[in-house]
1. Out of the residues in segment 182-191 meeting the condition of being buried (at least 19 other Cβ atoms within 10 Å of the Cβ) and touching a residue at least 40 places away in the same chain (Cβ under 8 Å), tell me which one is nearest to the chain's Cα centre (by Cα).
2. Given (1) in contact (Cβ under 8 Å) with a residue 12 or more places away in the chain; (2) of a type outside the set (Gly, Ala, Ser); (3) farther than 19 Å from Thr140 by Cβ, identify the lone condition not met by Pro76.
3. Of all residues in segment 158-181, which are over 17 Å from the mean Cα position of the chain (by Cα) and hydrophobic (A, V, I, L, M, F, W, C)?
4. Would you please list the contacts, defined by Cβ atoms under 7 Å and residues six or more apart or on different chains, that run from a residue in segment 125-140 that is closer than 17 Å to Gln42 by Cβ to a residue that is basic (Lys, Arg) and surrounded by 14 or more Cβ atoms within 10 Å (Cβ to Cβ)?
5. For segment 3-20, name all the residues that are basic (Lys, Arg) and within 14 Å of Asp153 (Cβ to Cβ).
6. Where residues in segment 166-181 are free of Cβ contacts under 8 Å to residues at least 40 places away in the same chain and in a helix (DSSP H, G or I), which of them is surrounded by the most Cβ atoms within 10 Å (Cβ to Cβ)?
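The values are calculated or read from the model by the stated rules, or taken from the named source; none is laboratory data. Quantities reported herein were computed from a predicted structural model and do not represent experimental measurements. When we count neighbours, we look across all protein chains shown, and the Cβ atoms used for this are built from the backbone with ideal geometry, even at glycine.
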Amino acid sequence: MTSADHARAVAHLRKSCPSMKALIRRVGPCALEIEAGRTPFQALVNAVAHQQLHGKAAQTILGRFRGLFGGRFPGPQALDKVTDEQLRAVGFSRAKTAAIRDIAEKTLSGVVPGSKAIAALPDEEIIARLTQVRGVGRWTVEMLLIFTLGRPDVWPVDDFGVRAGYKIAYGLDEMPKPKELLGFGERFQPHRSVAAWYLWRATDLNRSPEP
């Protein structure tokens, strides 16, 4: 997504409802950043590293992981050069070590597409393929769709921050359930990725904007 894409999305979201318009006014311009240089393999390993950890701790582990390969993020073939014990030593749990092994295996077998191939696939096909990987659920793939592939209409209804942000921005008494949020999000199509970004910012603000 380019800055022009962001501008079109924001213009649409402003018209979607008064609460979203108020949130956009409080947050300001969309600053959603895409890390397009990552391969799907790298993005999935990065996501697994961050599961159930604070960002700084995950980055420390990833730094040690790259250190096993001369400071560079390895490709899937390079995983054969290190043992499970080495991966555990840098900070990966037994479950994450197994997940990273499976990401590498399924990348080499073609289940996880390369950067060029994945760009041609629709969102739901990408989700269906990547959730075959051990330790990779729908939410993980949705983060890849938004932050690596820059897909514009991803709506991560299971994300705690999106649900909490919606509760704050819309003044709800309780967190919306994922099924409810799915229906609520229809008004934001086809720009739900940017809508999700603004709801994450609402969580950061931790208070409801004045409509």
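1. Residues of segment 182-191 buried (at least 19 other Cβ atoms within 10 Å of the Cβ): 185, 188, 191.
Checking the rest, the ones that are also touching a residue at least 40 places away in the same chain (Cβ under 8 Å) come to 188, 191.
Values: Phe188: 18, His191: 15 Å.
The residue in question is His191.
2. (3)
3. Keep residues of segment 158-181 that are over 17 Å from the mean Cα position of the chain (by Cα), which gives 166-177, 179-181.
Residues satisfying the conditions are Ile168, Ala169, Leu172, Met175, Leu181.
4. As it stands, the answer is Val133/Lys106; Gly135/Lys96, since those pairs meet every condition given.
5. If the condition is that a residue be basic (Lys, Arg) and within 14 Å of Asp153 (Cβ to Cβ), then Arg8 is the only one that fits.
6. At the first step, the residues of segment 166-181 found to be free of Cβ contacts under 8 Å to residues at least 40 places away in the same chain are 166-167, 172-181.
Subset that is in a helix (DSSP H, G or I): 166-167, 178-181.
Numbers: Tyr166: 25, Lys167: 19, Pro178: 14, Lys179: 9, Glu180: 15, Leu181: 20.
Ranking the candidates gives Tyr166 first.
Listed here are the residues, each with its yes/no results for (1) of a type in the set (Val, Ile, Thr); (2) without any contact (Cβ under 8 Å) to a residue 12 or more places away in the chain; (3) not assigned by TED's automatic domain parsing to the domain that holds Pro190.
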residue: Val10; (1), (2), (3): yes, no, no
residue: Arg14; (1), (2), (3): no, yes, no
residue: Cys17; (1), (2), (3): no, no, no
residue: Arg25; (1), (2), (3): no, no, no
residue: Cys30; (1), (2), (3): no, no, no
residue: Ala47; (1), (2), (3): no, no, yes
residue: His50; (1), (2), (3): no, yes, yes
